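Comments concern the structure below.
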Amino acid sequence: RQRLAEAGLPAPGLPPPGWIDMLPAGEPAPPPRPLLLIRALVLHQTGTDPAVPPEAVAARGAAGPGYHFLVSPEGVLYRLHPLTAAISHLRAHNAATVSIGLMGDFRRWPPEDRALTAAARLIAYLLEHLGLDPGAVQGHGEVDPAAADCPGGWLGWKPMLLAQVEAIRRVHARRPP
């Protein structure tokens with residue numbers, strides 16, 4: 001499975017949830033890493049108004065977007081970097097984490113149900129694809145105490161998100177091969 005993934009081929013199991021590729025073109029590539037190094041999925045909020053278009057969020061940052069995936073309030077998924085890219089989004093944990101940015105500022109507005117459902121589909125896929133368990137899903141503030149409010153309200157909606165992830169995994173586990 002690992003070799004298939006690193007070759008860019010689909011792995012058997014839970015299918016990808018479907019995303020729109022917005023991979024950066026013409027920029028220097030972030031340092032590569034083997035997928036075996038990944039140990040956690042880290043959720044962030046973009047800190048933007050939910051009406052800001054995903055292209056504007058993806059264009060932020062001198063080193064390109066700080067997310068592997070971006071989730072819009074409407075539940076649309078965008079891939080901004082391949083999983084093999086060790087992008088800058090956490091101090092000292094970039095090589096071992098996947099960054100998922102949910103669009104919005106959850107200190108002001110709670111995440112939309114559609115965004116959480118899309119994030120749950122993405123997380124379920126990534127957990128299976130990378131061979132991780134649900135304990136690998138963390139908020140930015142859990143990994144970096146200096147970012148305690150990212151994503152805003154995380155500890156309040158984390159249980160609901162993880163319940164959705166587990167429901168998706170259970171439904172998939174019952175499907176015949």
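The values are calculated or read from the model by the stated rules, or taken from the named source; none is laboratory data. Quantities reported herein were computed from a predicted structural model and do not represent experimental measurements. Glycine also receives a Cβ, built like all others from the backbone with ideal geometry; neighbour counts cover every protein chain displayed. Areas reflect the complete protein model, heavy atoms only, side chains present, ligands, DNA and RNA absent. Shrake-Rupley method; radii C 1.70, N 1.55, O 1.52, S 1.80 Å.
So here's what we get for this one:
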item: Shape of region 83-170, Cα gyration tensor, a/c cut at 1.5; result: oblate
item: Residues of the chain: accessible area per residue with a 1.4 Å probe, Å²; result: 50
item: Förster radius 35 Å - calculated FRET efficiency between R170 and A59, Cβ distance, rounded to 0.05; result: 0.40
item: Amide H within-cut-off set for L41, under 5 Å, with H built and near neighbours excluded; result: V98, V137, Q138
item: Length added when fully stretched, T117-D133, from 0.36 nm per residue minus Cα-Cα; result: 3.9 nm
item: GNM result for the chain, Cα springs below 10 Å: residue of L43, L122, L132 fluctuating most strongly; result: L132
item: Hz values of 3J(HN,Hα) by residue in region 152-168 - Karplus curve (6.51, -1.76, 1.60), Gly and Pro given as x; result: x, x, 3, 5, x, 9, 4, x, 5, 4, 5, 5, 5, 4, 5, 5, 4
item: Region 38-177, accessible surface, carbon-and-sulfur percent (1.4 angstrom probe); result: 56
item: GNM top mover of R107, R39, R91 - the chain, alpha-carbon springs below 10 Å; result: R91
item: DSSP bridge pairs, the chain: antiparallel proportion in percent, nearest 5; result: 20
item: Gyration tensor verdict on the chain (Cα atoms; rounded if a/c is under 1.5, prolate if a/b is larger than b/c, oblate otherwise); result: rounded
item: V171, V52, ranked by accessible area, largest first (probe 1.4 Å); result: V171, V52
item: Accessible-area ranking of M103, M22, largest first, probe 1.4 Å; result: M22, M103
item: 13 Å cut-off, amide nitrogen to a point 7 angstrom out along E74 Cα→Cβ, residues in region 23-53; result: 51-53
